[in-house]
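Notes follow once the structure below has been shown.
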Amino acid sequence: MDLKGKDILTAAQFSREDIEHLFAIADDFSARLQKGERLRRLDGKLLATVFYEPSTRTRLSFESAMQRLGGGVVSVAEAKTASSVAKGETLADTVRTIENYADAIVLRHSEVGAAQAAADAASVPILNAGDGAGEHPTQALLDLYTIRAQKGRIDGLRVALVGDLKNGRTVHSLARALSQFKVDFSFVAPAALAMPAEVSDYMRARDFAVEETNDLARTLTKADVVYMTRVQKERFADPKQYDKLKNFYILNRDLVSRAKDNLLVMHPLPRVDEITTDVDSLPNAAYFRQARNGVFIRMALLAEILGG
Amino acid sequence: MDLKGKDILTAAQFSREDIEHLFAIADDFSARLQKGERLRRLDGKLLATVFYEPSTRTRLSFESAMQRLGGGVVSVAEAKTASSVAKGETLADTVRTIENYADAIVLRHSEVGAAQAAADAASVPILNAGDGAGEHPTQALLDLYTIRAQKGRIDGLRVALVGDLKNGRTVHSLARALSQFKVDFSFVAPAALAMPAEVSDYMRARDFAVEETNDLARTLTKADVVYMTRVQKERFADPKQYDKLKNFYILNRDLVSRAKDNLLVMHPLPRVDEITTDVDSLPNAAYFRQARNGVFIRMALLAEILGG
Amino acid sequence: MDLKGKDILTAAQFSREDIEHLFAIADDFSARLQKGERLRRLDGKLLATVFYEPSTRTRLSFESAMQRLGGGVVSVAEAKTASSVAKGETLADTVRTIENYADAIVLRHSEVGAAQAAADAASVPILNAGDGAGEHPTQALLDLYTIRAQKGRIDGLRVALVGDLKNGRTVHSLARALSQFKVDFSFVAPAALAMPAEVSDYMRARDFAVEETNDLARTLTKADVVYMTRVQKERFADPKQYDKLKNFYILNRDLVSRAKDNLLVMHPLPRVDEITTDVDSLPNAAYFRQARNGVFIRMALLAEILGG
C-alpha cells in the first residue's frame with residue numbers, strides 16, 4: 001500500500017508488507033541519525049497535534065519525529081479546554097479548520113471512532129493517536145518494531161498480553177497488528193478485564209492459537225514476549241472495582257528469573273505498579289527502548305504519508 | 001504605509017492601498033506554496049503568541065503562517081494560568097519581558113484596549129489577535145481577502161453582517177476595513193444585539209448606505225455577501241438572555257436557495273447552530289476557505305512587519 | 001570544565017573560569033545576532049522543556065535561545081496536568097521516556113532535589129530551571145552576566161540581596177555563583193525571611209564579608225547592586241503571614257535617588273509591588289535587560305552542552 005496522503009486509523013489497515021517496509025525506513029532513519037546526519041525530508045511541511053485527552057508521551061513522540069525530519073509543528077495540547085471546543089464546535093468543524101494550518105493532523109480523542117469521523121471530514125491525512133478504548137495504531141507499530149529489533153523476528157514467538165485487556169486500546173491495536181505474523185497469543189487477564197470478544201474472535205477466525213488465562217506465572221514459562229499494561233483507572237465508573245483490580249498482576253524480578261530465557265518485557269507506559277523498578281536494569285526490560293523506537297517508526301510513517 | 005516594525009491594532013489603520021498591497025503579497029505566497037516552493041523570508045525570526053483567552057484557530061493560524069515563511073514560534077497558549085500572571089504581573093511587564101524572546105508578539109486578551117496598552121509598553125510590534133469585544137484586525141483582513149478572492153472585487157457589493165453585532169469584535173473590525181471600499185451595508189440583528197452606535201455612526205459619517213434591520217430573509221434577496229456570527233455566550237451576564245437570542249438567526253439551505261444568486265456565505269467560526277451543516281457542501285459556503293485565506297494574509301502581514 | 005553532555009544542577013558547579021567562558025560565548029552570540037547573522041550551531045538538535053510548575057519567562061527564554069541557534073523544541077508547559085503524571089508516573093520514568101524525544105531536558109519542578117533526581121535517571125543532560133525553593137542556576141548566570149555587562153566587572157562590588165531570601169531560589173543560586181568573585185554581600189530581609197543558614201554559612205566559610213540586616217535604605221547608600229525579590233506567596237502556608245510580609249521592602253524612585261551613584265537595580269521578575277514603576281525609566285533599572293541577557297547566556301549554555 002502506498003501510504004502517501006493516507007489516513008492511519010487502525011492497526012488492521014497494514015499488511016505484513018507495509019509493516020516490513022516501514023521497519024526498513026525506520027531502520028534507515030535510525031542509522032542516519034546515529035551517524036549525526038541531519039534529515040530534511042519534511043522541510044517545509046507542518047504537522048498539527050490535536051489532543052482532546054492530554055498525552056505527553058505520544059504528542060512529544062510525534063513532534064520529535066516531525067522535527068527530526070526537518071518539519072514543523074503546531075500543537076493543541078489540551079483541545080478540550082480550547083476555546084472553539086468550549087464554544088460548542090463539532091469535531092468535524094474543528095478538523096476542517098485545522099487542516100488549513102497543517103499538512104496532516106495527529107488526533108487523540110476520548111471517543112471510539114473519533115479518528116474515523118475526523119478522517120471523513122478532513123481532506124488532509126488523519127493519524128489516530130488513540131480514540132478512547134478504541135485503537136492506537138502507531139503504538140502497535142512501535143511495539144512490533146521493538147519486538148523485531150530485540151528478537152530479530154516476530155514469526156514463531158509467543159506473545160503474552162497482560163492486564164487490562166478490556167480497556168487497553170494499545171493491546172487491541174497490537175493484537176491486530178501481530179495477526180500479520182505467525183504468532184501464538186496468551187491473553188492474561190482477570191475475567192472483569194478480559195479481551196473483548198471481537199478481538200479474540202478476530203484472532204481465532206484467522207486460525208491463531210489463543211490461550212486465555214489468568215495465570216501470569218505459568219504463562220511466563222513459555223512466553224517470549226510479555227506485554228504488561230496499566231489498569232486504566234480513567235475508564236472505571238466504580239473506584240472500588242478499580243482498587244480491587246489495579247494490582248492484579250505485578251511483574252517483578254523474581255517472576256522474570258523464573259520465566260523463559262530471554263523473555264522480552266514490554267509496557268506502553270506510563271506504568272504505575274505493574275512492573276517493579278528492580279526489573280528496569282535487567283536486559284529483558286525493553287519499555288524505555290519502546291519510546292525511542294516510537295520516534296523512528298513515526299518518522300517512517302510521516303515520511304511515507306507526507307514525503308515528496 | 002510601510003508596515004515594517006509597525007503594530008497592528010485596529011482594522012481602521014489600513015488604507016485601501018495597504019490592503020491591496022497585502023492582497024498581492026498573499027496571492028504571491030499562496031501561488032508559490034501551491035507550487036511546492038519552500039519560503040524562507042522569515043528564517044531566523046521568532047514570533048511569540050500570547051493568548052490570555054485561548055483560541056486554537058487564531059493561534060494556530062499565526063503559528064502556521066510564521067513557519068510557512070521559515071520562522072519559529074514561542075507560545076503561551078493559556079496566559080491567564082501562566083505563572084507570572086497568576087503571581088500578579090501586569091500586562092505591561094509581561095510584554096516588556098516577552099519582547100526579549102521574540103521579534104513580534106501576537107496578543108489575544110479579554111479586555112478592550114489591551115493590545116494598545118501592550119503596544120505602548122513594547123518595543124517590538126504587537127499584533128492584536130482580539131481584545132475583548134474590541135477589535136480583531138487580522139480577521140478583518142482575511143475576511144476582505146476571502147470576499148475579493150471569491151467575488152473578484154469588493155467595490156459595489158452589498159454585505160450583510162448578521163447576528164451578535166454588539167459583542168462580535170470580528171464584525172466591528174470588518175465593518176471598519178470594508179469602509180475603505182465602496183460597499184453597501186446591511187446590519188441584521190435583534191435590537192438587543194445591534195451594532196454599537198460608534199460603528200454605525202462611523203459608517204454613516206463616511207457616507208455609507210447602512211440599512212439596519214432584523215429581517216434576514218429579505219436582506220438575503222439583495223445581499224452579495226452574508227457574514228453570519230455566533231451569539232457570544234461568554235459576553236452575557238444573564239444565561240436566560242443568551243438562550244433567548246442564541247438561535248435568533250439560522251441560515252439553512254432553504255434560505256440560501258431563496259437568496260440572491262451567488263450569495264457568498266461567510267462565518268468567522270467556530271459556529272454553533274447559526275449555519276446548518278447542509279449549507280457546507282454548497283458552492284456558496286466560504287467559511288472553511290476563510291481559515292485557509294487567513295494563513296496567506298497573516299503570512300503577508302508578518303513578512304511586511306518583520307521581513308528584511 | 002568541558003560542559004559537553006553535562007547536567008546543570010546548581011550554580012555552585014561553575015568555576016570562575018567556566019562563567020567567564022560562558023560570558024565570552026554569550027557576548028559573541030549577542031554581537032552576531034545584533035548584526036542580523038543567522039546562527040545554526042544547534043540545527044537538528046531538539047530541546048525538551050518540561051515544566052511541572054508553569055513559568056512563561058524561563059520556558060520561553062530557553063525555547064527562544066534554542067531556536068536562535070537553529071534548534072527545535074518539544075514542550076510540556078503544564079506537566080502537572082499531563083496525562084502520564086496524572087496517571088501516577090514517577091519523575092524518573094517521565095524523564096527516561098522524554099529523553100527519547102530530545103537531546104536535553106529543561107526541568108522546572110516544585111520539589112527541591114527534583115533536578116538531581118532527574119539527572120540520576122536520565123542519560124541526556126538535565127538543565128535545572130528551578131526546583132522548588134532549591135536552585136535556579138541559569139537565572140544566576142544571567143544575573144551575573146547582567147552585572148558584568150552593566151558594571152563592566154563583578155569583582156569589588158557590594159551586592160545587596162533583598163526581600164524573600166528564605167524562599168527565593170534565585171538568590172540562593174546567585175549568592176553561590178557570586179562566590180566565584182570578590183564580592184561583598186548585604187543580605188536584607190525581615191527575620192522571618194532571612195537567608196537560610198546553609199547559604200550564609202557557605203559564604204562565611206569562604207571568607208566573604210556578609211552583612212545581614214533589615215535596613216534597606218542604609219544598605220543602599222553603599223551597595224553597587226541591589227537585587228530585589230518578590231515575597232513568594234506560593235511558599236506560605238499562612239496567608240496572614242504573607243500579607244504581613246509582602247510589602248516589607250518597596251524600592252521607589254526616592255530611595256534610588258538617595259542611594260549610591262550608579263546603583264544597579266535588578267529583579268528576577270515577575271515583580272508585584274517590590275519596585276514601583278517610576279523606577280522603570282531610570283538608567284539604573286536593569287530588570288528587563290536581565291530577561292534579554294537570559295537568552296544570550298542560555299544560548300551559550302545550550303551551545304556548550306549540545307554543540308558539536
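GNM on chain A, C-alpha springs below 10 Å: top fluctuator among A:LEU142, A:LEU282, A:LEU91?
Sorting by GNM fluctuation, first place goes to A:LEU282.
Provide, for region C:137-290, the number of lysine pairs with alpha carbons under 22 Å apart, each pair being eight or more places apart or on different chains.
12
Using modelled amide H (1.01 Å from N, peptide plane; none on Pro or chain starts), what sits under 5 Å from the amide H of A:SER186, excluding residues fewer than 5 places away?
Amide H neighbours of A:SER186, under 5 Å, 5+ apart: A:VAL159, A:ALA160, A:LEU161, A:GLU211.
List the aspartates and glutamates whose alpha-carbon lies under 15 Å from that of B:LYS6, not counting same-chain residues fewer than 8 positions away?
Here the aspartates and glutamates satisfying the reach criterion relative to B:LYS6 are B:ASP18, B:GLU99, B:ASP103, B:ASP120, B:GLU304.
Cα axis of helix C:16-34 to longest principal axis of chain C: angle in degrees, 0 to 90, nearest 10?
Value to nearest ten degrees: 80.
Rounded, prolate or oblate: which fits the protein assembly as shown, taking a ≥ b ≥ c as square roots of the Cα gyration tensor eigenvalues, rounded meaning a/c under 1.5, else prolate when a/b beats b/c? Kindly include the intermediate steps, with their values, before the conclusion.
Working: a/c = 1.79, a/b = 1.00, b/c = 1.79.
Judged from the Cα gyration tensor, the protein assembly as shown comes out oblate (a/c at least 1.5, b/c at or above a/b).
Ordered by residue, what ³J(HN,Hα) values in Hz, to whole numbers, does region B:49-60 give under the Karplus form 6.51 cos²θ - 1.76 cosθ + 1.60, where θ = phi - 60° and Gly and Pro are x?
10, 10, 10, 6, 10, x, 8, 3, 4, 5, 5, 5
Can you work out ³J(HN,Hα) from phi for every residue in region B:167-180, in order, using Karplus 6.51 cos²θ - 1.76 cosθ + 1.60 and θ = phi - 60°, giving whole Hz and x for Gly and Pro?
Residue by residue, region B:167-180 yields 9, x, 5, 5, 6, 4, 5, 5, 4, 4, 5, 5, 5, 7 Hz.
Provide the descending list of Cα extents for region B:137-290 along its principal axes, expressed in whole angstroms.
42, 38, 29
What 222 nm value per residue comes from the helices of chain B, counting each DSSP H run with n ≥ 4 as -39,500 (n - 2.57) and dividing by all residues, nearest 500 deg cm²/dmol?
Details: 12 runs with 123 residues, N = 308.
Per the formula, -12000 deg cm²/dmol.
What aspartates and glutamates does B:LYS35 reach when the alpha-carbon gap must be under 13 Å and sequence neighbours fewer than 8 apart in one chain are set aside?
Cα-Cα hits under 13 Å: B:ASP27.
Got a sec to turn the phi values of region B:200-207 into Karplus ³J(HN,Hα) couplings, 6.51 cos²θ - 1.76 cosθ + 1.60 with θ = phi - 60°, whole Hz, x for Gly and Pro?
These are the phi-based 3J(HN,Hα) values: 4, 5, 4, 5, 5, 4, 9, 6 Hz.
Measuring label to label, 7 Å along Cα→Cβ, what does A:ALA192 give against each other copy in nm, shortest first?
5.0, 5.0
Taking springs between alpha-carbon atoms closer than 10 angstrom, which of C:HIS172, C:HIS136, C:HIS21 fluctuates most in the Gaussian network model of chain C?
C:HIS21
Which residue in chain C puts its Cβ closest to the axis that rotates chain C onto chain B, and at what distance in whole Å?
In residue-and-Å form, the answer is C:ALA77, 4.
So which residue, out of B:ALA12, B:ALA129, B:ALA209, gets the largest mean-square fluctuation from a GNM of chain B using Cα contacts under 10 Å as springs?
B:ALA209
Mind jotting down a quarter of the surface of the convex hull over the alpha carbons of chain C, in square nanometres, one decimal? The partial results should precede the final answer.
Numbers: hull surface 62.7 nm².
Average of the hull's projected areas for chain C equals 15.7 nm².
Calculate the length of the line joining the C-alpha centroid of region B:184-222 to that of region C:52-99, in whole Å.
Taking the Cα centre of each part, region B:184-222 and region C:52-99 sit 49 Å apart.
Run through the other copies and list how far each one's label point is from that of B:ASP2, in nm with one decimal, shortest first; the point sits 7 Å from Cα along Cα-Cβ.
The projected label point of B:ASP2 is separated from its counterparts by 5.0, 5.0 nm.
In terms of modelled amide H atoms, which long-range or inter-chain residues lie less than 5 Å from the amide H of C:LYS260?
C:THR221, C:LYS222, C:ALA223
Does region C:90-173 come out rounded, prolate or oblate, given a ≥ b ≥ c as the square roots of the eigenvalues of its C-alpha gyration tensor, rounded meaning a/c under 1.5 and, failing that, prolate meaning a/b above b/c?
Working: a/c = 4.04, a/b = 1.94, b/c = 2.09.
Because a/c hits 1.5 or more and a/b fails to exceed b/c, region C:90-173 counts as oblate.
I need the inter-copy label distances for A:ASN252: point set 7 Å along Cα to C-beta, values in nm with one decimal, smallest first.
6.6, 6.6
Provide a whole-number value for the mean count of partner chain Cβ atoms within 10 Å of the Cβ atoms in peptide A:89-97. All intermediate terms of the calculation are to be shown ahead of the outcome.
Values: counts 7, 4, 0, 2, 9, 4, 0, 5, 12.
Averaged over the peptide's residues, the number is 5.
Every number in this text was worked out from the coordinates using simple rules, so none of it is lab data. Bear in mind the structure is a predicted one, so any value in this text is a computation, not a measurement. Backbone-built Cβ (ideal geometry, glycine too); neighbour counts: all protein chains shown.
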